[in-house]
Each structure stands twice: as structure tokens, then as C-alpha cells.
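This report refers to the structure that appears directly beneath it.
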Amino acid sequence: MNIILLGPPGAGKGTQAVRLAQDLVLPHIATGDLLRKNVKQGTQLGKEAKDYMDKGLLVPDELVAEMLRHRMSDSDVKKGFILDGYPRNLNQAKTLDVLLKDLNLEIDSVVYLDSSESVILQRLTGRLVCSGCGSNFHIKNMPPKKTGICDHCGGKLYQRTDDKEETVKKRLEVYKQETASLIKYYESKQKLRRLSADEDAQIVLKKIIQLAKEFDDSLKV
Ligand code: AP5
């Protein structure tokens, strides 16, 4: 099962990808997480990417492509994957097509998580992320049991630098300019499945699993 989660910032791609990866026992590959890891580790890629990320802009295609090729070559990807945050424009979609062909893999389904702008702003400006395990929380929607502390690993929660209101608005603008065109691209390949992601996270997850089952009725989830 090879799935792409597509959608605007804050639609819940990361939240759903983590749960889906657990349920389907598949690796979750998130380019945003991989980039933040590089920034944290101070790698050359991280140094080059940081400024773009802080401004809410896309990191140059060639940098992200190289990072993704590296990750997709790991052996765990052979059993399937959940891709979150890639592709983000037409050029990346074509790069991904070539990469998957080289690896003898194919996309089964592209799930488009549709969300309204007011929900996105509320979600992102209230998001909290664990500095230890990367789990997502939300001040109101999904508060941690103990203020500022991760339920799963006890790590400290922080606000992402790109979750300030102005930067979120910029990310939304970039999404509309660059990423929205991918809806048509995958529609033309008859891979796209749309669903509303404004509902409760558990309901959204159920809908995604239902879609996945339409592709593979042997799934036991
Ligand atoms: P990335 O990390 O991919 O950010 P994004 O796409 O903007 O998406 P987010 O992580 O902000 O949102 P999400 O949809 O995952 O929502 P989440 O589940 O966290 O990318 C960051 C940056 O890296 C980019 O701006 C760019 O610079 C760079 N980058 C990454 N990939 C790149 C690429 N391919 N090319 C170039 N540059 C790239 O949920 C958000 C909040 O809402 C959370 O608090 C969560 O708890 C809450 N929530 C989620 N679902 C629900 C629900 N159903 N109900 C209530 N609350 C919910």
C-alpha cells in the first residue's frame, strides 16, 4: 500500500499519517520532518533549508529530491509507505514518478485532505510539537495531559517557528500557487480521493482507512 497524503498546511496530514502508519504498519515519510531533523542536526542541507522554512517558502526542489531519494532507498519502504508533504509542485510530482519507477514502485492512492482556511489557522497557531518524539498536540483540540509536556515520551512541547500567523498565511499562499495544481495532476491519473478533513481526527482516520480498503480488501484494520 503506497499512499500520498495531500492537502494544505494544517489539514492534518502529519496527524493522520502517524496514525495510519501505526494501523497499517507502514513507514511514515514526511519531508517536513526530515528537513526539520536536518535543521536540528545542523547539516549542510539543514543550513540551506532553514531560511526558506522560516519564511514559509518551499525549499528548492533539488535539495528535497536528493533527501527523499536517500530515504526512499531504505529497505523498509519496499513493503509500502505513507508519503506526507511530497510532492508539493508539478516538478516534484514528476521527480517522484521517476524515482518510483527506478525503485519499481507505484502509487496506489493520493488522499486529498480538504480543509477550510479558518480551521487551518486555528489548528496551526495552536499546534504544539514534542521536542523529543515529534508528536503533535494542540492547545485546544488535542491538549496534552500535562501542560507543555508530551504524553508519549515526557519531552518538552514547543511551537514551530513557521506556525506564527503571518508565516502560516504565507504557507497557504505558497500552497495555492504551487501545490493545488497537483489535485488535477493526480485526478488525471485517477489516483485522487478527496475527503473533508475539518472533522474530528478519529473520523477522518476512519474515512482514510475506508478508502485504503477500497484498494486492498485484505487489509485487517
Ligand atoms: P511540513 O512540515 O510538511 O508542513 P505543512 O505541509 O505546511 O503541513 P503541516 O505539518 O503544517 O500540517 P499538517 O497537515 O501535517 O497538519 P498536522 O497534522 O500537523 O513542511 C514545513 C516546511 O518544510 C514547508 O513550509 C517547506 O518550507 C518545507 N518543505 C516540506 N516539504 C517540502 C517539499 N516537498 N518541498 C519543498 N519544501 C518542503 O495538524 C495541525 C494541527 O491541527 C495539530 O496541532 C493537530 O493536533 C491538529 N489537528 C490535526 N487534525 C485535526 C482534527 N481532525 N481535528 C482537530 N485538530 C486537528
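Ignoring everything except DSSP H segments at least 4 long, calculate the 222 nm mean residue ellipticity for the chain; use -39,500 (n - 2.57) per segment, divide by total residues, nearest 500.
For the chain, the value works out to -14000 deg cm²/dmol.
Tally Lys/Arg at +1 and Asp/Glu at -1 over every other residue whose Cβ is under 15 Å from the Cβ of Glu173; what's the total?
That works out to +2.
What net charge do the residues around Asp114 carry, taking every other residue with its C-beta under 14 Å from that of Asp114, with Lys and Arg at +1 and Asp and Glu at -1?
+2
Would you give the gap between the C-alpha center of the range 113-127 and the C-alpha center of the range 41-108, rounded to a whole Å?
Going from one Cα centre to the other spans 24 Å.
Grab the other residues whose beta carbon is less than 15 angstrom from that of Leu100, score K and R as +1, D and E as -1, and report the net.
Here the count lands on +3.
When the C-alpha atoms of the chain are aligned to their principal axes, what extent does each axis show, in angstrom, from largest down?
43, 39, 32
Can you pick out the pairs among Lys176/Lys207; Lys55/Lys176; Lys40/Lys170; Lys40/Lys78; Lys13/Lys94 whose Cα atoms lie more than 18 Å from each other?
Beyond 18 Å: Lys176/Lys207; Lys40/Lys170; Lys40/Lys78; Lys13/Lys94.
For Ile149, list long-range residues whose amide hydrogen, built 1.01 Å from N in the peptide plane, is under 5 Å from its own amide hydrogen.
Amide H neighbours of Ile149: Leu157.
Full-extension gain between Tyr52 and Glu173, please, as 0.36 nm times their residue separation minus the C-alpha to C-alpha distance.
Roughly 42.1 nm would be gained on extension.
Would you grab the residues whose amide H sits under 5 Å from the one on Ser109? Only those 5+ places off in sequence or on another chain, please, with H modelled 1.01 Å from N.
Asn2, Ile4
Given springs between every Cα pair under 10 Å in a Gaussian network model of the chain, which of Gly126, Gly85, Gly42 has the largest fluctuation?
Of Gly126, Gly85, Gly42, the Gaussian network model singles out Gly42 as fluctuating most.
Read-outs throughout are calculated quantities, based only on the coordinates presented, and are distinct from any laboratory measurement. Keep in mind it's a predicted model, so treat the numbers as computed, not measured. Cβ atoms come from the backbone with ideal geometry, glycine included; neighbour counts cover every protein chain shown.
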